[in-house]
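The values are calculated or read from the model by the stated rules, or taken from the named source; none is laboratory data. Not measured: the values here are computed from a predicted model. Neighbour counts run over all protein chains shown; Cβ positions are idealised from the backbone, glycine included.
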């Protein structure tokens, strides 16, 4: 029996797809990339924007057209927000909510005749293996914040987590796959502990002390939840890399309030400044949303100038998307699509400048690089601890190795450093 996977959306979705794939392989299914030979198709959907909804619907229809005889199972966040829409798409055999993912073993054995929907109160444990030299380890799910623009709490439920001891055991399982880097993932990972009464700082200390993974990387963490204690720990750690990713979303306090964010601009500045005062080498990534309803040109410029002045490394820029059921859906003074695109392009150009300035500070220095399987025959690609992409002439024996690389120049068009590895 062959099984085909299609995943849309965030890293957490890809992590959960990997976990489902591992379940299927234990049951004897063979993953395939040939859609026409698949007996089962699993589509893990996303609903973060209206475009994600559209892509999810297209994936279902397209894959059904490619293989009309396959059983199609649809899961993911779009199922939780618009289940009836999905059920009415031709070809869909089974829908599985996020809270029902823990039943995938029974589903694939045709034993789950009546799936219980526990309203996203359970925790589906997941980590990714097989596709990369890095692994994404899910440590938290759900969100209690209810930002005015976001459907995630409706799709993923309230904040919850596995226990520290369970996560440590999963990290040890990842070790056995000889994976060198683990990325801690979740919806709001800094809010870790609601299920178990533990704290995120306790989790990262336990991973540092009780496992042998060479690198840990923290994915996006809210600025109000990134404590000075966490920053100090990461920057002094031998396993956690100097890389922080913080959602700013807007440089206007008025917009932040309307977004229902949990911090103000001054708080964000203080966190970035503290990181930079402790480390010139740390990468600092920032999320920004442009075109939130009512965002004036002046408020956008506040965001632009704030980012221009901050010592950050790169941006992830998102154009605001109306999501029915959220509070901001009812807000007036919508920003036009053309204007959102203009603002996002300005910020992406600024991001390229920021990244170039940061990367050039490491030219003519050595940096430890983890090389991935990805290569084009001529070059092999790797990642520094502080999240810079590096390419060197292809050497197969360097795959999944962390080695010192001499950084020579910055490729501005493709945004990577060209390096040289000198075998000792």
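Name the residue that is nearest to the chain's Cα centre (by Cα), counting only residues in the stretch 67-77 that are at negative phi and surrounded by 14 or more Cβ atoms within 10 Å (Cβ to Cβ). Out of the qualifying residues, it is 77. For the stretch 33-53, a residue qualifies if it is assigned to a loop (DSSP other than H, G, I, E, B) and crowded, with 16+ Cβ neighbours inside 10 Å, and the qualifying residues are 38, 46, 47, 48, 49. A single member of 99, 18 is assigned to a helix (DSSP H, G or I), surrounded by 21 or more Cβ atoms within 10 Å (Cβ to Cβ) and modelled with pLDDT under 95, and it is 99. Among residues of the stretch 104-125 being out of contact with any helix residue (DSSP H, G or I) (no Cβ under 9 Å at 6 or more places or on another chain) and modelled with pLDDT of 90 or more, the one that is surrounded by the fewest Cβ atoms within 10 Å (Cβ to Cβ) is 109.
Residues of the stretch 267-307 that are touching a strand residue (DSSP E or B) at 6+ places or on another chain (Cβ under 7 Å) and either surrounded by fewer than 15 Cβ atoms within 10 Å (Cβ to Cβ) or without any contact (Cβ under 8 Å) to a residue 40 or more places away in the chain (or both): 287 alone.
The condition of being at pLDDT below 95 and touching a strand residue (DSSP E or B) at 6+ places or on another chain (Cβ under 9 Å) holds for only one of 159, 195, 185, that being 195.
Among the residues making up the stretch 61-77, those that are out of contact with any helix residue (DSSP H, G or I) (no Cβ under 7 Å at 6 or more places or on another chain) and in a helix (DSSP H, G or I) are 61, 62, 64, 65. Being modelled with pLDDT of 95 or more and either over 29 Å from residue 175 (Cα atoms) or surrounded by 16 or more Cβ atoms within 10 Å (Cβ to Cβ) (or both) is a condition met by at least one residue of the stretch 127-134. Quick check: anything in the stretch 128-143 touching a helix residue (DSSP H, G or I) at 6+ places or on another chain (Cβ under 6 Å) and assigned to a helix (DSSP H, G or I)? The answer is no, given that none of the residues of the stretch 128-143 is touching a helix residue (DSSP H, G or I) at 6+ places or on another chain (Cβ under 6 Å) and assigned to a helix (DSSP H, G or I). What pairs come out if I take residues in the stretch 23-38 that are more than 16 Å from residue 7 (Cα to Cα) and pair them with residues that are assigned to a loop (DSSP other than H, G, I, E, B) and at pLDDT 95 or above whose C-beta lies under 8 Å away, six or more apart or interchain? As it stands, the answer is 36/67, since those pairs meet every condition given.
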